[in-house]
Structure formats: C-alpha cells, structure tokens
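A short write-up of the structure that comes next.
Here, each number is a calculation from the coordinates, and none is a lab measurement. These numbers come from a predicted model, not from an experiment. With ideal geometry, Cβ positions are generated from the backbone for all residues, glycine too; neighbour counts draw on all protein chains shown.
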C-alpha cells in the first residue's frame, strides 16, 4: 500500500492555472478499457497505457478535479480526490 | 507513469474485491458496493449501465438514507444485473415483474425506499401492464428505467423504444414499430414525478434520482443510455465513447425545448432532458394503510368494549 | 371454540388469518373469488393488507415481495390464473420464499367451465413451473379441512421455505358445512427466526437436511435474492460445485418429512380391494366404501390430503396387501399415474370424470363389483 501512496505526488509546479487540482487513482483490475475517461478528459490528463488496456495519468498537474472521468466510468475504476 | 495504478499485487484482498483503505475512503460509490462481491462488473466495456449504478449510489447517499432502508428490485436484462453489486436489500426477480414484486414489498415495508431497476424491454414490453398500474396507484416506488433502445442481454433484438427504421437482430430490414414515449406513458398513467436524463449528463441524473426517491409517490426516471455492443454495432454507431458523445450532441434541455418555436418542437428528434412532469397525489400505501389502521382500531375497540 | 356454518372458501380465508397471514394479493376468478372478498374485509381488521393486483402474474409476484418484506402472504386463483402464476411459483421455489397459493380447481382446460368442479390441475401443481423443483400440495376434502390445511400450508411453507399449494376444488370451495373454529391466537404458528449475525448470515446455506433461516428485508440483513442459480450468499453462479449442492439440498427438502404427509387409512384385515382418493372425490370414495362394507365386502380406504409429495411409502404398503386399488378422481387419471407408478399398473382401476360432474359412488361400486 505504501508503494501506491508515495507514488502519487501532487506536483508543486504550476503552469499558471488557478483552481482545484485533483489526485487521480486508477483501479486497473476493474477497468475494461473503454477509453471514455481518456477521450472526455477536458485537459488530457489521461492516456491509454501502451502495454495494457487501462489508462494512465500522463499529466497529473492538469487535473482540475472536474470529476468527469470518475462519474462516467462504467467500471468505477477511476477515482479523483480533490486536493486542497 | 504506472505508479499510481493499483495492480493486483498491491491488493491485500482477494482478487476482484474492492480495495480497502485510502482508495475506499475517498469514494462514496466504492463504499456502497458489496464487499463480498467479485468485480469487475459483467457489463461490456463502456456500457452506460455502470454509469447509472454510480449515479444511483450517489443519489441515495445524498439523501442520507441508511442502507438497510433501501431495497432494489430488478427484472431481467443487463440493467437488472445492477442491484447485486450494491450493498442494499436486493431482489432480482422475473422478466417484467419488478414493479409487481416491489408493490408487495412496499406494502409490507412502507418505510423502506423501494427502487425498481428495469431496462426498456423489461419495463415497457413484458412489464407494461405493471408499469401502468404502479403509476396509477401512485405507490411509493421509484422506477429507474435504463433505456438503451434494445434487448441487450439476449443479443440485440428490438424493443418498444427502438427507433423506427433502426436495425436489430429481429428487425433485419429495419424496425417498423414506432417507439413508446416512456415518460408520457408514466405521466398519463398517474406518476407523480417523471424525469429524463442521459448517462452523459450524469450529475443531472444524480439530481433527478435523488428527487425521484424523495418523491413520496410513484416516480419514473428514464436514464437514456446506449448499447454499443449490439444496437451500436448493427447500426454502425461507433464505440461506447462515440455513443456517449452522441447522447451529448443529440439532447436538449427541457427549458431550451420549451423555448423552441412550435414547428421545431413538433419535429424535434433530440432527447429532451429535464423534470417533465410532477403532480401532487396521495400515495397508495399512505391511503391504504390509514384505512387499515382505522379498521384495525375500530375492531379492537369493538372487541374491548363489547358488541359483535 | 365456535361452531359456524361456513363456505369452504371462507374457511380457507379464516385458516389464513389463523395462521398469521397478513398480506393477500389476488385477482378475481371463479370459483375462488370468495377467498379474496373475505380477506379484503377481514385482513384490515387485524392490521393486515389486501390488494387486488392487475393480473395473476402480478399477484404471485406481490405475495413474494411481501413475504420477502416479512409478511406471511397468500393468493387464491383457479386454473387459468394458476397457469399464469407458474413462472413466479418457480421463482418462489428457486429463491425459497414462503408463500401459499390456493387453487380452487375448476373444469378446464382453458376457460373450461368456471362454475364446474375438477381435479385437473394435480400434475400442473407438481410440474407446472419449468425445471426440477420440489413442491407441497394439499387437498382438503371438507370445509373443516379447508381451514386446517390452510393453517398447515402456512406452517409448512415457513418451516421448509417453500411455496405451498392448497389444491382445493370448486365443490369444497363452494359447499357449506359446520366447522369448529378455534381461537386464532391459540393456533400454532411457525415463525421466522434468524440467529446468525448479518456478517455470518448465509441465506442459502447448503447443509443437507437443513433449511436455512430466512431473514426479511430491512432488518439488517442486506442480501441478494435471485431466480438465477446462486451460491450460499445468494450471488449468481455457474459453478457446478455450487449448483450441485443446491440441487441436492432443495430437491431433497421433503424426503423424510413426515409432517408433510397427511392421510387417513381405514383398513379391514383381509381386504383385497382398496379405494384411494383425495379432495371432493374422497367423499365419493368414503361413501362407496360404506356401501360396500354394508354389503359385506371388505374394503380398505385411503384418503390423502397430501398430493405432493405423493405418499409413496404408505401407498406401496397398501398395494402390497390388496389386489387392486380403485382411484376415483375428477380428471382423466392424474393421481392414478402416481399410484400406478408405485404399485404397478395392473393393480390400479381408474374411475375418471373430467366433464365437471363428480364421480358417483355407483361408479365406484360398479368397478368394485366387476
């Protein structure tokens, strides 16, 4: 478990954006690879894993915690926690 | 890149079951799934039914209901496979009959929130009669109809909501039967809360579900979804994401719809989303149980104070 | 204890109340409608609930829903309605939901003759719903039995977690006889008791010979009930190692259950002829037996209230001691099939009538004296 917690590092680097940022977690064993989260993420935080049928976070700093992905995931396999 | 992904080796629970600790705590939906049920769910990759499941859980949570207080009664079909995953009292019944089972349960346990979960074929074809009468009685049941316009579980036969001319496995030359307007039917039959949204507009769906469950009488929420595996494939409508996008592009809010000029309203083919009908009518168990209490009380009085 | 002149259907309704029935859902159909009418009036007096559903399918569904919600529940119908109820009866058998289904048999098939009697649904009561499943069916032969067997039906349904069919007929349903009504409070009732905590509770645990206790919804036991084949906690399964134990346990439910087999024997040593019957035809059988004995003939009489499971052992024993068993019934030989199966076809004499008229004692006498 500690492997996961420490791996999620909210970045301090900003790109001039204000507003909420979110922490994305992906439960790969539940994901069936439908791409909905990747295709609809408004800021392109996600992309499909090159070797696996699940998404990965490629741009964590761009997450605005809009919650589109976790409310539209058919498998409840992605979860966004709003960061303070 | 892969560090934030919880792979199977990191789990300290057996394969397929929900994760504990920090994942769990941040997710209302995960918290209300059955801890002893195996996941992932059985639905096809990208199916909107899973989206509705999340929406339903959030709606129930927003009302502060106890899990023991909630009963989910489902018919048969892909949509009806929803309840087994959720940590409530769940009853998976026979095709088309969810509302009838739910009626008995609600009369026995009027204090429970009873939600009937049905697909379009289940609720409107074989279940049509029970749909009409549950609405007529205005019994305190919430009917959640996930409308994907097809019989998905059995491989893609046309349903009472399949659009005209669309193809299906039992309509190889195109469907010649006009579809049912589910919401109009519910309102005409006596439902006191009728709303429609789509699995794209999921937060709106959360809201309507919460309102529907709060409504004392018979509520109907039509959750428009898609079946990309059968209907979508036969009619060449693309991937799940494509069909999700189509729901966004082909819908209109009720307020916008009402502002359209008459001819445009008449020829509208977009999905109209909104609270379409509300009415104030006495709820069945309230009326009947009040009557029973009175007769019961009179009988006791008569027994205690003589007379026949 | 009061003595009242009562109609059979009314006695069934009274039996339900005495047994603790607090929910009825049904659809009017001749010749069962009086059961509904009486209960619509009497249930509210004891705080019970009555609803007339839109059809028999919904009625059967509603009584299962109410039973899951914790109320003892019943419906009543006749042939055409009984046919409609079959799918959901199978559901109750599969999901092991206690409930009582009254079938006041009328002449069929199809619309038949609504006001004429028959015993034509015997095999349907056993196999009307698809798939291998056990069932209990009881047939009263008097108004008094209509009351008693309804109480028994509820108690058996709760004890064994099974739907129970009260297989009455139009004659018993519509006739009037004096009946001794006991004090309903004093009538013995089987209640649901769950002692496991919710985490330990297995709604469908497969201990052979054991009936898992039934928890009602809303009492802290949030479990899943389904008509699909399921594991011990109720989740759908396709695993043979979960299906096979269920098949064995559930289909073996009534194997050694003496409390289910209700019948009377009136035997004479040396008798070579027996008459076996049930329901209204048992009255014919009894009358014929008396007539034969008055003529000096030795005759055994076997009258059974339990139709399913068929009292095989007792009938086999009877068959061993006589040369022939006469089976009068108002159908073309449905229980006769069971008797033949158990004692051999050569020993069985069928006396059948399937036109709405009772089998007469004369018909039995002619067969006995042939």
(request) Enter the Cα centre distance for the pair segment B:130-151 and segment B:233-308, rounded to the nearest angstrom. (result) 8 Å
(request) Using only the Cα atoms of segment C:193-241, build the gyration tensor, take square roots of its eigenvalues as a ≥ b ≥ c, and label the shape rounded, prolate or oblate: rounded if a/c is under 1.5, else prolate if a/b is larger than b/c, else oblate. (result) oblate
(message) Can you give me the distance in nm between label points at residue C:202 and residue B:184, each placed 7 Å from the Cα along the Cα-to-Cβ direction?
(response) 5.3 nm
(message) So, R0 is 22 Å and r is the distance between the beta-carbons of residue C:177 and residue C:355; what FRET efficiency does that work out to, to 0.05?
(response) 0.30
(message) As a test of the formula, what do you get for chain B when each DSSP H run with n ≥ 4 contributes -39,500 (n - 2.57) and the sum is divided by the residue count, at 222 nm and rounded to the nearest 500 deg cm²/dmol?
(response) -10000 deg cm²/dmol
(message) Taking the Cα centroid of segment C:147-200 and of segment C:268-309, what is the distance between the two, rounded to the nearest whole Å?
(response) 27 Å
(request) Rank by packing, highest mean first: peptides B:279-289, B:100-110, with packing defined as the count of other Cβ atoms within 10 Å averaged across residues. (result) B:100-110, B:279-289
(message) Using only Cα atoms and rounding to the nearest 10 degrees, what angle (0 to 90) does helix C:279-294 make with the longest principal axis of chain C?
(response) 30 degrees
(message) Once you keep just the Cα pairs under 8 angstrom separated by 6 or more residues, what percentage relative contact order results for segment A:20-83?
(response) 48 percent
(request) Return the average number of partner chain Cβ atoms within 10 angstrom of each residue Cβ along peptide B:83-90. (result) 5
(request) Compute the relative contact order of chain C as a whole-number percentage, counting only Cα pairs closer than 8 Å that sit 6 or more residues apart in sequence. (result) 17 percent
(request) Nearest 5 is fine: what % of DSSP beta bridges in chain C come out antiparallel, could you say? (result) 30 percent
(request) Using a cut-off of under 12 Å, list every residue of segment C:1-40 whose amide N is near the label point 7 Å from the Cα of residue C:186 along the Cα-to-beta-carbon line. (result) C:1-2
(request) Return a whole-number percent for the relative contact order of chain B, with Cα pairs under 8 Å and 6 or more residues apart as the contact set. (result) 15 percent
(request) Kindly state, to the nearest 0.05, the FRET efficiency for residue C:294 paired with residue C:255, given R0 = 41 Å and r defined as their beta-carbon distance. (result) 0.50
(message) Between residue B:164 and residue B:248, how high is the FRET efficiency from 1/(1 + (r/R0)^6) when r is the Cβ-Cβ distance and R₀ = 22 Å? Nearest 0.05.
(response) 0.45
(message) Based on alpha-carbon centroids, what's the gap between segment C:96-116 and segment B:60-99 in Å, whole number please?
(response) 32 Å
(request) Compute the label zone of residue B:268 within segment B:196-220: residues whose backbone N is under 19 Å from the point 7 Å along Cα-to-Cβ. (result) B:196-202, B:204-205, B:208, B:220
(message) Classify segment B:47-304 from the C-alpha gyration tensor, please: rounded if a/c falls under 1.5, else prolate or oblate depending on whether a/b exceeds b/c.
(response) prolate
(request) Please say if segment C:257-358 is rounded, prolate or oblate, where rounded means a/c under 1.5 for a ≥ b ≥ c the square roots of the C-alpha gyration tensor eigenvalues, and otherwise the choice is prolate for a/b larger than b/c and oblate otherwise? (result) rounded
(request) Would you tell me the mean number of C-beta atoms belonging to other protein chains that fall within 10 Å of each C-beta in C:47-57, as a whole number? (result) 5
